[in-house]
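A.B. asks: Would you mind keeping the following structure in view while I ask a few things?
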């Protein structure tokens, strides 16, 4: 994760907080889903000056914070939420679609003729972009009618551990004065179903003296809320650190705070609540275990491939907990 973060920041610059439009689309348009920022950059280069607007979906949302991507004026905003709304969303969005790495759903609907895959992402019966040549995608976009989707929604993204650590003196002072009582890392992969409602209930119920750190597509359960700032400070209560690949930022922030307070990470006023759906989230969880981080909560339920015996070991060794209900868990974490 650290190497990937370095690859992104060395090439695209360190992300900067930004507010963008959500679900507002105009003109000839392409939406990019997946995770591949390098594919997005190449598309932005090749569409510049062609009166085509580019929009992000799901885990591509953090692209808007990177200086070398947001410099392109035709990178406009985000549409949709987590990966599993693709079929409904792509029927409503009548422009062209580019699917990059991971989280691509088999097509059910009428959009296959305007759907393009990239690199290792692919589906049967759709066109594939080869050698970073987006000519066919661009031509298709120009043939399609203009897209019009109206919305007043906005989202905030673009934080990075370097951004947050630049506020370290203010954060440390706020903790010492009791203005910040606890940090909550609410992150991970979202999945369809009511189980994910827990994370919204938790995030929106937290008292104002708390700060939410998030990554991954699980944030779409609660990132439409304006959380404001910690009372008596200018510190934002909601900090979106990027893709699942950016989970290293939460570790770096925790390590810096532990160093500042001269304590262990597990002694910090930090609670970690993760949602999981696939192997990547589990790999991130194992990475946290390797750093000795304990008392993590996961949900909406335990992974099916973890036996009762293995779960017992993880609970005994690392204090791993399964989520119950948001109100009870919040009370326990705040106590």
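A.B. asks: Determine the shape class of the range 117-177: with a ≥ b ≥ c the square roots of the Cα gyration tensor eigenvalues, call it rounded for a/c under 1.5, and otherwise prolate if a/b is greater than b/c, oblate otherwise.
C.D. replies: On the way: a/c = 4.16, a/b = 2.24, b/c = 1.85.
Prolate shape, in that a/c is at least 1.5 and a/b is the bigger ratio.
A.B. asks: In vacuo Debye scattering of the range 1-104, one point per C-alpha: log10 I(q)/I(0) at q = 0.12 Å⁻¹?
C.D. replies: The Cα Debye sum returns log10 ratios of -0.36.
A.B. asks: Modelling each spin label as a point 7 Å along the Cα-to-Cβ direction, I'd like the residue 266/residue 307 distance in nm, to one decimal.
C.D. replies: Here the answer is 2.6 nm between the modelled labels.
A.B. asks: While we're here: List, largest first, the extents of the alpha carbons of the chain along their principal axes, each in whole Å.
C.D. replies: Projected onto the principal axes, the Cα atoms of the chain cover 59, 45, 34 Å.
A.B. asks: Please state the shape class of the range 148-190: rounded when a/c is under 1.5, otherwise prolate if a/b exceeds b/c and oblate if not, all from the C-alpha gyration tensor. Intermediate values should be presented prior to the final figure.
C.D. replies: On the way: a/c = 2.36, a/b = 2.14, b/c = 1.10.
Here the range 148-190 falls in the prolate category.
A.B. asks: Give me Rg/Rg_expected for the range 46-163, where Rg uses Cα atoms only and Rg_expected = 2.2 N^0.38 Å with N residues. Display every interim value, and only then the final one.
C.D. replies: Numbers: Rg = 14.5 Å, N = 118, 2.2 N^0.38 = 13.5 Å.
Ratio of Cα Rg to 2.2 N^0.38 Å: 1.07.
A.B. asks: Obtain the nm distance between the two label points defined at residue 91 and residue 110 by a simple spin-label model: each point lies 7 Å from its Cα along the Cα-to-C-beta direction.
C.D. replies: The answer from the label model is 1.0 nm.
A.B. asks: Once both labels are modelled 7 Å past Cα along the beta-carbon direction, what's the residue 146-residue 162 spacing in nm?
C.D. replies: So the label points at residue 146 and residue 162 sit 3.9 nm apart.
A.B. asks: Please give the peptides 106-116, 298-308 ranked by average Cβ packing (other Cβ atoms within 10 Å per residue), highest first, as a rough proxy for protection. Before the final figure, lay out each step's value.
C.D. replies: Numbers: 106-116: 15.8, 298-308: 13.6.
Highest mean packing first, the order is 106-116, 298-308.
A.B. asks: How many percent of DSSP beta bridges within the chain run antiparallel, rounded to 5? Walk me through the numbers on the way to the answer.
C.D. replies: Working: 8 of 46 bridges.
If we restrict to bridges inside the chain, about 15 percent are antiparallel.
A.B. asks: What length, rounded to one decimal in nm, is gained on full extension from residue 19 through to residue 73, with 0.36 nm per residue of separation minus their alpha-carbon distance?
C.D. replies: On the way: separation 54, 0.36 × 54 = 19.44 nm, distance 1.44 nm.
In short, 18.0 nm is gained.
A.B. asks: Using alpha carbon coordinates only, what is the Rg to Rh ratio of the range 94-224, with Rh defined as the Kirkwood radius?
C.D. replies: Working: Rg = 20.6 Å, Rh = 18.7 Å.
Here the Rg-to-Rh quotient is 1.10.
A.B. asks: Another question about this same structure. Compute and list, largest first, the equivalent-ellipsoid semi-axes of the range 158-334 from the alpha carbon gyration tensor, each √(5λ) rounded to a whole angstrom. Mind showing how you got there, number by number?
C.D. replies: Details: eigenvalues 125, 66, 46 Å².
Those come to 25, 18, 15 Å.
A short reminder: the numbers here are calculations on the coordinates, not readings from a lab. Note that the structure is a prediction, hence the values are computed from the model and not measured. Cβ: placed from backbone, ideal geometry, glycine included. Neighbour counts: every protein chain shown.
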